[in-house]
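The values are calculated or read from the model by the stated rules, or taken from the named source; none is laboratory data. These figures come from a predicted structure and were not determined experimentally. Backbone-built Cβ (ideal geometry, glycine too); neighbour counts: all protein chains shown.
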Amino acid sequence: MVFSSYLFLFFFLPAALLAYYAVPGKRRHLALALASYVFYGWANPWFCLLMLATTCVDYADGRLMGRFPARKRWFAAASVVFDLAVLGFFKYFNFGVENYNAAVSALGLPGAQWHGVFRVVLPLGISFYTFQSLSYVIDVYRGEAQPVDSFVDYACYVSMFPQLVAGPIIRFRDVADQLRERTLSWEKFARGTAFFMLGMAKKVLLANPCGKIADTAFDTVDLGCFDSWYGAVAYAFQIYFDFSGYSDMAIGLGLMLGFVFAKNFDSPYRSKSITEFWRRWHLSLSTWLRDYLYIPLGGNRRGKVRTYANLMVVMLLGGLWHGASWNFLVWGGIHGGFLAFERAQGKESLYRRLPGWMQTAATFAIVLVAWVFFRADTLGDAWQYLRCMFGGGTPGQGEAVRGLICNPYYVANFVLAGVAVWAFPQAWDFTRRLGWAKIAWCILLFLLALAVLTTQSYNPFIYFIF
């Protein structure tokens with residue numbers, strides 16, 4: 001079930017809000033947890049059992065850490081091993097088999113290949129709720145949070161449907177107080193509604209058309225230089241508006257329920273360096289990796305070489321978190337390499353002496369090249385696409401494709417997306433103070449998105465597969 005669907009908008013969401021507000025006090029957590037399990041299990045009810053198992057193990061270990069503090073290291077380790085084992089099996093089993101078969105084939109041992117019919121289906125959002133549950137275990141172990149007494153409260157935290165399948169990653173210590181007590185107000189609800197409407201408009205009016213451009217370009221074997229750059233920029237716009245739009249909707253739904261979630265995007269394509277980019281892109285993931293991986297590895301406290309190595313390791317693992325593919329490792333390696341290089345320069349970009357707008361353009365170009373690996377199906381496809389971007393394609397080969405992706409509708413949406421990226425205010429700032437004019441804009445954009453949604457058969461959420 002996706003937010004930008006009539007099933008969610010006109011059936012699930014009204015029913016969930018009605019049930020949530022109809023019950024008093026702490027029972028709202030039970031209502032929200034049950035609604036979230038319905039939301040998550042809509043595509044495949046078996047996925048609910050896996051999330052419930054993670055919830056039970058981490059809740060029990062959290063309680064045990066509170067009761068037996070002298071042994072909390074063992075309980076924390078048990079949770080971490082269990083969570084990572086489940087994530088590793090479901091996310092990387094197929095990848096491991098494919099690479100094992102490729103390795104033994106290259107060694108001339110085709111008989112040693114594994115051809116079992118067993119294939120693992122990736123549960124939706126497993127990367128997100130696993131990281132959330134891990135944050136609880138680690139926070140309790142570090143003494144930065146108290147163990148949760150109520151299983152229902154903890155199940156509500158892990159399963160909360162606004163951010164369950166595509167984030168943002170909500171760390172336990174950030175909502176622990178809100179689980180105990182929070183205020184429900186018309187002001188919060190109104191801001192949440194505005195957030196949701198703007199996120200819906202981003203998704204339907206900008207991300208989806210740019211996604212059609214990107215898919216057409218990346219599915220074409222040979223493109224000219226202009227068309228390949230056009231497709232790559234369209235993908236950069238698609239993934240930003242798709243993910244930030246989902247985050248806006250998730251933050252908005254949280255506000256409707258009385259929860260305040262942190263900002264997840266801060267105009268990342270306006271960055272003047274890769275270091276700045278990661279202070280603006282997917283903040284819930286970058287801060288999670290910083291606090292639970294980079295700093296425990298030693299951060300920048302063990303010398304320059306160790307710092308650069310830590311940055312590279314964190315970004316490689318961050319790439320692998322996104323998916324079981326060598327492409328994601330290359331994507332993480334590109335970002336990790338530039339982060340390490342900029343750290344060696346004193347956190348300054350390579351092009352810091354250029355005018356500000358040129359620094360932004362250069363940073364965007366680096367991000368764009370990395371996105372090619374993120375989007376392409378295989379490493380070979382990524383190298384072929386980059387070859388086209390840098391003049392290695394066949395001129396005139398993609399004339400038919402150009403006719404598809406350069407029609408007035410797609411070009412207009414592409415230009416509007418670019419203006420929105422570098423000129424429009426963020427939803428976070430736009431909704432801070434709502435007047436009648438802003439409310440009218442939100443309603444107008446939402447109604448337009450609903451109208452356009454009836455004509456679109458293309459409506460994916462990119463981060464659902466992670």
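Considering the stretch 209-267 alone, what residues qualify as being within 18 Å of LEU198 (Cβ to Cβ) and either in contact with a strand residue (DSSP E or B) (Cβ under 6 Å, 6 or more places away or on another chain) or acidic (Asp, Glu) (or both)? Passing the criteria: ASP242, ASP248, ASP266. Just name the residue that is surrounded by the fewest Cβ atoms within 10 Å (Cβ to Cβ) out of those in the stretch 305-333 that are more than 22 Å from LYS91 (Cα to Cα) and touching a helix residue (DSSP H, G or I) at 6+ places or on another chain (Cβ under 7 Å). Looking at the filtered set, the residue picked out is TYR308. Is there a residue being assigned to a helix (DSSP H, G or I) and of a type in the set (D, E, K, R) anywhere in the stretch 18-26? There is no residue in the stretch 18-26 that is assigned to a helix (DSSP H, G or I) and of a type in the set (D, E, K, R). All told, VAL117 falls short of being assigned by TED's automatic domain parsing to the domain that holds ALA155, surrounded by 12 or more Cβ atoms within 10 Å (Cβ to Cβ), more than 25 Å from the chain's Cα centre (by Cα) and at pLDDT below 85. All conditions but one from (1) closer than 29 Å to ALA250 by Cα; (2) touching a residue at least 24 places away in the same chain (Cβ under 8 Å); (3) out of contact with any Cys (no Cβ under 9 Å at 6 or more places or on another chain) apply to THR378; the one that does not is (1).
Listed here are the residues, each with its yes/no results for (1) part of a loop (DSSP other than H, G, I, E, B); (2) surrounded by fewer than 17 Cβ atoms within 10 Å (Cβ to Cβ).
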{"position": "LEU7", "(1), (2)": "no, yes"}
{"position": "PHE10", "(1), (2)": "no, yes"}
{"position": "ALA15", "(1), (2)": "no, yes"}
{"position": "ALA35", "(1), (2)": "no, no"}
{"position": "PHE39", "(1), (2)": "no, no"}
{"position": "ALA43", "(1), (2)": "yes, yes"}
{"position": "THR54", "(1), (2)": "no, no"}
{"position": "ASN94", "(1), (2)": "no, yes"}
{"position": "ALA102", "(1), (2)": "no, yes"}
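When the stretch 235-278 is filtered for residues that are in contact with a Ser or Thr (Cβ under 8 Å, 6 or more places away or on another chain), of a type in the set (A, V, I, L, M) and surrounded by fewer than 22 Cβ atoms within 10 Å (Cβ to Cβ), only ALA262 remains. The set of residues in the stretch 371-387 being outside any loop (DSSP other than H, G, I, E, B), of a type in the set (Gly, Ala, Ser) and crowded, with 20+ Cβ neighbours inside 10 Å consists of ALA382 alone.
For the stretch 30-50, the set of residues classified as under 25 Å from the mean Cα position of the chain (by Cα) and within 19 Å of GLY254 (Cβ to Cβ) consists of LEU32, ALA33, LEU34, ALA35, SER36, TYR37, VAL38, PHE39, TYR40, listed by residue number.
Give me the residue from the stretch 71-80 that is among the hydrophobic types (A, V, I, L, M, F, W, C) and over 23 Å from the mean Cα position of the chain (by Cα) and, out of that set, surrounded by the most Cβ atoms within 10 Å (Cβ to Cβ). Here the residue is PHE75.
A quick yes/no check of all residues on (1) at pLDDT below 90; (2) of a type in the set (A, V, I, L, M, F, W, C); (3) over 18 Å from PHE243 (Cβ atoms):
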| residue | (1), (2), (3) |
| --- | --- |
| ALA370 | no, yes, no |
| ASP381 | no, no, yes |
| GLN384 | no, no, yes |
| GLY391 | yes, no, yes |
| GLY403 | yes, no, yes |
| TYR410 | no, no, yes |
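Taking each residue of the stretch 413-432 that is touching a residue at least 40 places away in the same chain (Cβ under 8 Å) and at negative phi and looking for partners that are of a type in the set (Lys, Arg) and surrounded by 15 or more Cβ atoms within 10 Å (Cβ to Cβ) with beta-carbon atoms closer than 7 Å, six or more apart or interchain, yields TRP422/ARG270; TRP428/LYS263; PHE430/LYS438; THR431/ARG191.
Taking helices (runs of 4 or more DSSP H) as the structural unit, those lying wholly within the stretch 185-257 and holding at least 2 residues that are of a type in the set (S, T, N, Q) and either farther than 17 Å from LEU416 by Cβ or in contact (Cβ under 8 Å) with a residue 12 or more places away in the chain (or both) correspond to 208-218, 225-256.
Could you tell me whether the stretch 145-152 includes any residue that is surrounded by fewer than 23 Cβ atoms within 10 Å (Cβ to Cβ) and within 22 Å of the chain's Cα centre (by Cα)? No, that holds for no residue.
Quick one: which of VAL152, VAL140, VAL148 is more than 16 Å from MET249 (Cα to Cα), in a loop (DSSP other than H, G, I, E, B) and out of contact with any Cys (no Cβ under 8 Å at 6 or more places or on another chain)? Among VAL152, VAL140, VAL148, only VAL148 is more than 16 Å from MET249 (Cα to Cα), in a loop (DSSP other than H, G, I, E, B) and out of contact with any Cys (no Cβ under 8 Å at 6 or more places or on another chain).
Taking the stretch 288-302 as the range and being surrounded by fewer than 18 Cβ atoms within 10 Å (Cβ to Cβ) and hydrophobic (A, V, I, L, M, F, W, C) as the test, the residues that pass are LEU293, ILE295, LEU297. Only one of the numbered conditions (1) of a type in the set (Gly, Ala, Ser); (2) without any contact (Cβ under 8 Å) to a residue 12 or more places away in the chain; (3) buried (at least 18 other Cβ atoms within 10 Å of the Cβ) is violated by SER284, and that is (2). Scoring ASN264 on the criteria (1) in contact with a Pro (Cβ under 6 Å, 6 or more places away or on another chain); (2) assigned to a helix (DSSP H, G or I) leaves a single failure, condition (2).
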